[in-house]
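What follows is a set of notes on a single structure, which appears directly below.
The values are calculated or read from the model by the stated rules, or taken from the named source; none is laboratory data. No experiment lies behind these values; they were computed from the predicted model shown. With ideal geometry, Cβ positions are generated from the backbone for all residues, glycine too; neighbour counts draw on all protein chains shown.
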Amino acid sequence: MDYRIERDTLGEVKVPADKYWGAVTQRSLNNFPIGDDRFRMPMEVIYAYAYIKKAAAYANNKLGVLDDERAELIMRVADEILEGKLDEHFPLKVWQTGSGTQTNMNVNEVIANRGHVLRGGKLTDKEKFLHPNDHVNRSQSSNDTFPTAMHIAAYIKTVEYFLPRVQFLYDTLKQKSDEYMKIVKIGRTHFMDAVPLTLGQEISGYVAQLEYGIEAVRSALDHVLELPLGGTAVGTGLNAPDGFDKLAISKIAEWTGYPFRPTRNKFAGLAGHEPLVNLHNAIKTLAVAFFKIANDIRILSSGPRCAIGEIVLPANEPGSSIMPGKVNPTQSEMATMVCSQVFGNDVALTVGAKTGHMELNVFKPMIIYNVLTSLRLLADAMDSFARRAILGMNPNDYRIKMHLEQSLMLVTVLVPYIGYEKAAEIAKKAYAENKTLKEAAVELGYLTPEEFDKIVRPEKMVKF
């Protein structure tokens, strides 16, 4: 590989000749060979940084601390980053310094070197028109830009990627709930037979669970809109001109189309990450609901002949290498594994967020990695579950009717007429002697066949 020499305050470093990053980025690559490409800093963070650098250049120029040509070059390269043209130049891992300094410098160096080349210079030039610290990082610190990038990345990913896919699962389940609202089936509590409800009512519970989670996510997003940009090193705004934060953040809001605003307290913005903890807690809430939904679907489809089998799922792939014809509820299995991973991410994030010592939390890369990972995994899982399980799901009318007719818990409707103890006696006799409830009730002399048929009508035992 061809190399060029780059320099920083520690000295000279060999850098691949065709890459725009510089010495600090290369040192990070050399010093943190942790994991493979799966643990690269998410591009959502890099794109968020592009907005930050573009807005900072604009604000610095308007406030008289950065000349027109340098500001225009920085903004131009930031746009190239946002267009995905420079993705290969951001190779750093999540596992680096806890402030995200090396990722900030990676962005600074790429913008400085690319800007120099756009102006007609060469990467091998000793003196370059743009300096990563003096110009691209002007009025900023890693300590305020990285948490700002965290919030921008998390907000955009949630709104543009996550919520639409959750909504699709919600809409799909809602459609099935409406469609099956008149199909009466037996309910189950404690994994035991209970009184009837309709399949649509059962699914409406899943719909409501998702609705609660969606509401929690939307509520949590408001605080994620608060950005600590302008706090610089410890939150005081040292080396940033007056008005920098408001002007830069207003441009971020304008260019992203989302109402980002300065944080109410920059010290908290650098030292704590409660807004992201709250957001991930809402994501976890949806994962909890999704886990339950996926498990219920798995149980209801079990069998198909020797278990419940009340719903039929699409046969997406063969289920066994040894048992011919077996089809498994693989979408439910996938979903519950994903939810379990989200729960694990939440633990890691919680540990990281509580480890904010004094004026800086130093688990920032791990925190945003887990937030973005959970958003991506859960969104993809919900979308796949909706498309490959729920859309093609159908009721098994035969099994539903069979279970309904065999259930002993229909006896519950007799309680107002003959009392709890006599109703229990009927159920016990029917179970012990393998008889129907009607047969047991008549033999005990508590009801005539006509009276039983008039009272025990499953379709009248549910309220719509």
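Brief remarks follow.
- One residue stands out in region 140-180 among those that are in contact with a Leu (Cβ under 8 Å, 6 or more places away or on another chain) and not in a helix (DSSP H, G or I): the one that is farthest from residue 197 (Cα to Cα), namely 140.
- Qualifying residue in region 387-401 (condition: surrounded by fewer than 24 Cβ atoms within 10 Å (Cβ to Cβ), acidic (Asp, Glu), at pLDDT 95 or above and in contact with a helix residue (DSSP H, G or I) (Cβ under 7 Å, 6 or more places away or on another chain)): no
- A count restricted to region 222-272 and to residues that are touching a strand residue (DSSP E or B) at 6+ places or on another chain (Cβ under 8 Å), touching a residue at least 60 places away in the same chain (Cβ under 8 Å) and not in a loop (DSSP other than H, G, I, E, B) stands at 7.
- Every test in (1) charged (D, E, K, R); (2) in a loop (DSSP other than H, G, I, E, B); (3) modelled with pLDDT of 95 or more is passed by residue 435 save one, and that test is (3).
- Just one of the listed residues (354, 326, 364) is touching a helix residue (DSSP H, G or I) at 6+ places or on another chain (Cβ under 9 Å), surrounded by fewer than 23 Cβ atoms within 10 Å (Cβ to Cβ) and among the charged types (D, E, K, R), namely 354.
- Any hit, region 361-379, residues being in a helix (DSSP H, G or I), touching a strand residue (DSSP E or B) at 6+ places or on another chain (Cβ under 9 Å) and not aromatic (Phe, Trp, Tyr): yes
- Some residue of region 102-110 being surrounded by fewer than 18 Cβ atoms within 10 Å (Cβ to Cβ), of a type in the set (Val, Ile, Thr) and either in the same structural domain as residue 9 (by TED's automatic domain parsing) or more than 34 Å from the chain's Cα centre (by Cα) (or both): no
- Which numbered condition residue 309 fails, given (1) of a type in the set (Gly, Ala, Ser); (2) within 27 Å of the chain's Cα centre (by Cα); (3) part of a loop (DSSP other than H, G, I, E, B): (2)
- For beta carbons closer than 8 Å, sequence separation of 6+ or different chains, a first residue in region 284-301 that is not assigned by TED's automatic domain parsing to the domain that holds residue 335 and a second that is crowded, with 22+ Cβ neighbours inside 10 Å and acidic (Asp, Glu), there are no qualifying pairs.
- Among residues of region 78-113, those that are aromatic (Phe, Trp, Tyr) and free of Cβ contacts under 8 Å to residues at least 12 places away in the same chain, counted: 0
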